[in-house]
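Nothing in this text is a laboratory measurement; each read-out follows from the coordinates by a stated rule. This one's a predicted model, so the numbers in the text were calculated from it and none came from an experiment. No Cβ is skipped: glycine too gets one built from the backbone with ideal geometry, and neighbour counts run over all protein chains shown.
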Amino acid sequence: MRTASFALALALTMSGLATAQDWTEYQNIPDGFKVAFPGQPKMTDSTWTTEYGYKAPAHVYSADRGKERYTLTVVDYNAIEAQGIERRKNCPPGAEPCIGSDISGPGYWKHDIRGAMIYA
């Protein structure tokens, strides 16, 4: 009886290990992340619209495993400040959301970056 239980447990463990081998650690240094994916992810270029309406370049990494789909989106917020300054130029006089302040930046770009994770 013990031998049968041990053999069953060993078989279940081995099948679990075979399934776990589908996952690989993927690292992307330019986009600054390391994550486990079920195989090599496919990367596509995209554009992300931020909370305050700015357009930011993004990369979408995705991998499929049977009926499961795994997706990771990386957004580059580096151009947001320049977009805020440009937005300010086209604002009606005295429009506070476009003007901003030292803590919000022109066009609220600083708040956009601060709230990016919550917005996503």
(request) Over all alpha-carbon pairs of the stretch 23-119, lay out the pair-distance distribution in 5 Å bins, whole %, shortest bin first. (result) 3, 12, 20, 17, 14, 11, 9, 6, 5, 3, 1, 0
(message) Taking the beta-carbon count within 10 Å as an exposure proxy, list Tyr61, Tyr108, Tyr119, Tyr70 from fewest neighbours to most.
(response) Tyr119, Tyr70, Tyr61, Tyr108
(message) Only counting other Cβ atoms within 10 Å, I'd like Ile85, Ile29 sorted with the fewest neighbours first.
(response) Ile29, Ile85
(request) Provide Met43, Met117 in ascending order of the number of other Cβ atoms located within 10 Å of each residue's Cβ, fewest first. (result) Met117, Met43
(request) With unit charges on the beta carbon (Lys/Arg positive, Asp/Glu negative), name the residue among Gly115, Tyr26, Ala63 whose Cα is farthest towards the positive pole of the charge dipole of the stretch 23-119. (result) Ala63
(request) Return the loop-located trypsin sites (Lys or Arg not before Pro) in the stretch 15-120 (DSSP other than H, G, I, E, B) with at most 13 other Cβ atoms within 10 Å of their own Cβ; answer none if there are none. (result) Lys67
(request) Work out from phi, with θ = phi - 60° and the Karplus expression 6.51 cos²θ - 1.76 cosθ + 1.60, the ³J(HN,Hα) of each residue of the stretch 108-117, listed in order in whole Hz, and give x for Gly and Pro. (result) 6, 4, 5, 5, 4, 5, 4, x, 4, 5
